[in-house]
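The values are calculated or read from the model by the stated rules, or taken from the named source; none is laboratory data. Quick caveat: nothing in here was measured; it's all calculated off a predicted structure. No Cβ is skipped: glycine too gets one built from the backbone with ideal geometry, and neighbour counts run over all protein chains shown. Areas reflect the complete protein model, heavy atoms only, side chains present, ligands, DNA and RNA absent. Shrake-Rupley method; radii C 1.70, N 1.55, O 1.52, S 1.80 Å.
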Amino acid sequence: DQQVKQNSPSLSVQEGRISILNCDYTNSMFDYFLWYKKYPAEGPTFLISISSIKDKNEDGRFTVFLNKSAKHLSLHIVPSQPGDSAVYFCAASWKRDDKIIFGKGTRLHILP
Amino acid sequence: DAGITQSPRHKVTETGTPVTLRCHQTENHRYMYWYRQDPGHGLRLIHYSYGVKDTDKGEVSDGYSVSRSKTEDFLLTLESATSSQTSVYFCAIRGSSYEQYFGPGTRLTVT
């Protein structure tokens, strides 16, 4: 049973517009959430995280929003750039555990 | 850059042969992880280590074993490789705030 779900396998967005990637989770014990970006033939790169005590975290063009009641988080990229084309993984953890659970990923295409 | 290297980067092997993948880190991190990435499955945890000689199973540990005899090295062994173990394998370390940092990956093909 998937605990972290990314229901959109792919997403296409025009360069300069906002990209919104969504993620749902089922385990209410999760208290720490992360987003990773992955280019082909490279390892995933940590992008941004958020603790469950917050509902928003911002880092430059990247903002993560957390809605605990809906068990939903999203990653906003503004403005989208060609280099943002990659696979994005959502992940969740609870700090007492040593492990992170990853979603299956969403492939983002930034169109010129 | 978390100072993680993986070797080999690419390997082709035959069914039934043993294979060992190596992960090396230079920053003395306590936690190390092995994942596999497959189309449609995302990243799945195979095994992880929380210290020298301290390891535990992940979600897809069957057919794999690990060893950690020193802090900097975490080895993943496929005792008898099968075609279902064809995958890309990533090693990771845990940073100070629970995030993980990944190595460049090893592409393994079992023929």
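Quick notes on this structure:
- Exactly one residue out of A:104, A:95, A:99 is within 14 Å of chain B (Cβ to nearest Cβ), farther than 14 Å from residue A:30 by Cα and not in a strand (DSSP E or B): that is A:104.
- Checking residue B:98 against (1) at the interface with another protein chain (Cβ under 10 Å from one of its Cβ atoms); (2) at pLDDT 95 or above; (3) within 30 Å of residue A:7 (Cα to Cα), the condition it does not meet: (2)
- Complete set of residues in the stretch B:52-65 that are assigned to a strand (DSSP E or B) and within 14 Å of another protein chain (Cβ to nearest Cβ): B:54, B:55, B:56, B:57
- Filtered residue count, the stretch A:5-46, keeping only those that are free of Cβ contacts under 8 Å to residues at least 40 places away in the same chain and either of a type outside the set (Gly, Ala, Ser) or surrounded by 16 or more Cβ atoms within 10 Å (Cβ to Cβ) (or both): 6
- Selection within the stretch B:72-105 - among the β-branched types (Val, Ile, Thr) and farther than 17 Å from residue B:17 by Cα: B:88, B:93
- Restricting the stretch A:64-82 to residues that are hydroxyl-bearing (Ser, Thr, Tyr) and surrounded by fewer than 18 Cβ atoms within 10 Å (Cβ to Cβ), the residue that is nearest to the other protein chains (Cβ to nearest Cβ): A:74
- Index of the failed condition, residue B:16 passing every other in (1) farther than 19 Å from residue B:105 by Cα; (2) within 11 Å of another protein chain (Cβ to nearest Cβ): (2)
- Residue within the stretch A:52-62 that is within 11 Å of another protein chain (Cβ to nearest Cβ) and surrounded by 17 or more Cβ atoms within 10 Å (Cβ to Cβ) present: no
- Of all residues in the stretch A:72-86, those that are more than 14 Å from residue A:15 (Cα to Cα) have Cβ atoms under 6 Å from Cβ atoms of residues that are part of a strand (DSSP E or B) and of a type in the set (A, V, I, L, M), 6 or more apart or on another chain, in A:73/A:66; A:74/A:20; A:75/A:21; A:75/A:64.
- Residues considered: B:105, B:40. Of these, the only one that is out of contact with any Ser or Thr (no Cβ under 9 Å at 6 or more places or on another chain), open to solvent by less than 20 Å² (accessible area, probe 1.4 Å) and facing chain A (nearest Cβ under 8 Å) is B:105.
- Failed item, numbered, when residue A:105 is tested on (1) at negative phi; (2) open to solvent by less than 80 Å² (accessible area, probe 1.4 Å): (1)
- Test: residue in the stretch B:67-89 that is aliphatic (A, V, I, L, M), within 21 Å of residue A:104 (Cα to Cα), open to solvent by less than 30 Å² (accessible area, probe 1.4 Å) and facing chain A (nearest Cβ under 8 Å): no
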